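**Q** Provided herewith is a single structure, encoded as structure tokens, for subsequent inquiry.
The values are calculated or read from the model by the stated rules, or taken from the named source; none is laboratory data. Computed from a predicted structure; not experimentally measured. Methodologically, a virtual Cβ is constructed for each residue, glycine included, from the backbone with ideal geometry; neighbour enumeration extends over all protein chains shown.
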Amino acid sequence: MTIAQLSVHIHGLAVVLSLIGFILRGIWMLQDSPRLKARWVRITPHIVDTVLLLSALIASYLMFWRYGVNPDYVTVMIVGLIVYIVLGLFALRLGKTKAIRASAWVLAIAVFLYISAAGALKTATPFLSAPAPAASVSVR
Ligand code: HEM
């Protein structure tokens, strides 16, 4: 396995952990749970998200950037990550009412799923593009 492949696998693992953690914290936010203030609950997401970003940067460099290439779905992931961070801040910290926090939480999850689909399917339009038809050769 190459370092690029390893980075993509680590990135994928961090993506799953990040989503599970974000969904859990959102549920605790909706329940006004004191668990949200626990030390490990506040620290772990920073570690997971740092791994998510570092592995993404290493994979992007090794697979694309060092060859002067940048696929559009990587741009989707970079812009999407920024949107996800801002929505996440509103969901768990800045939202003034629970309705605002809940809406930001749902939107953040939707953005996260869109980014994941773009990364997994390697396309900026994962919900639009039909799978390529199988190549067919007609022999007469
Ligand atoms: C919330 C943010 C992000 C999510 C949810 C996300 C999600 C994903 C997923 C699900 C994959 C497929 C993993 C696999 O095949 O095992 C992937 C691949 C990848 N991601 Fe991300 N990603 C995010 C941010 C980023 C960022 C910021 C970058 C670039 C700096 C990036 C670069 C990549 C690259 C290079 C791949 C490999 C694509 C390929 O195999 O052609 N990702 N991402």
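**Q** Any residue that is in contact with a Ser or Thr (Cβ under 9 Å, 6 or more places away or on another chain), under 30 Å from A4 (Cα atoms) and of a type outside the set (D, E) - is there at least one of those in region 22-37?
**A** no
**Q** Of a type in the set (G, A, S) and buried (at least 17 other Cβ atoms within 10 Å of the Cβ), is that true of A38?
**A** For A38, the condition - of a type in the set (G, A, S) and buried (at least 17 other Cβ atoms within 10 Å of the Cβ) - is not met.
**Q** Let me ask another. Which of the numbered conditions does R93 fail, given that it passes all the others? Conditions: (1) away from the ligand (no atom under 12 Å from the Cβ); (2) at pLDDT 95 or above.
**A** (2)
**Q** Of the residues that sit in region 84-105 and are of a type in the set (F, W, Y) and over 17 Å from S33 (Cα atoms), which one is surrounded by the most Cβ atoms within 10 Å (Cβ to Cβ)?
**A** My answer is Y84.
**Q** A further question follows. Taking region 1-37 only, how many residues are touching a residue at least 60 places away in the same chain (Cβ under 8 Å), more than 15 Å from the ligand (Cβ to nearest atom) and polar (S, T, N, Q)?
**A** Final tally of qualifying residues: 0.
**Q** If V41 satisfies every condition in (1) without any contact (Cβ under 8 Å) to a residue 60 or more places away in the chain; (2) near the ligand (Cβ under 9 Å from one of its atoms); (3) touching a helix residue (DSSP H, G or I) at 6+ places or on another chain (Cβ under 7 Å); (4) aliphatic (A, V, I, L, M) but one, which is the exception?
**A** (2)
**Q** Considering each residue of region 54-76, count those that are of a type in the set (A, V, I, L, M) and more than 6 Å from the ligand (Cβ to nearest atom), and give that number.
**A** 5
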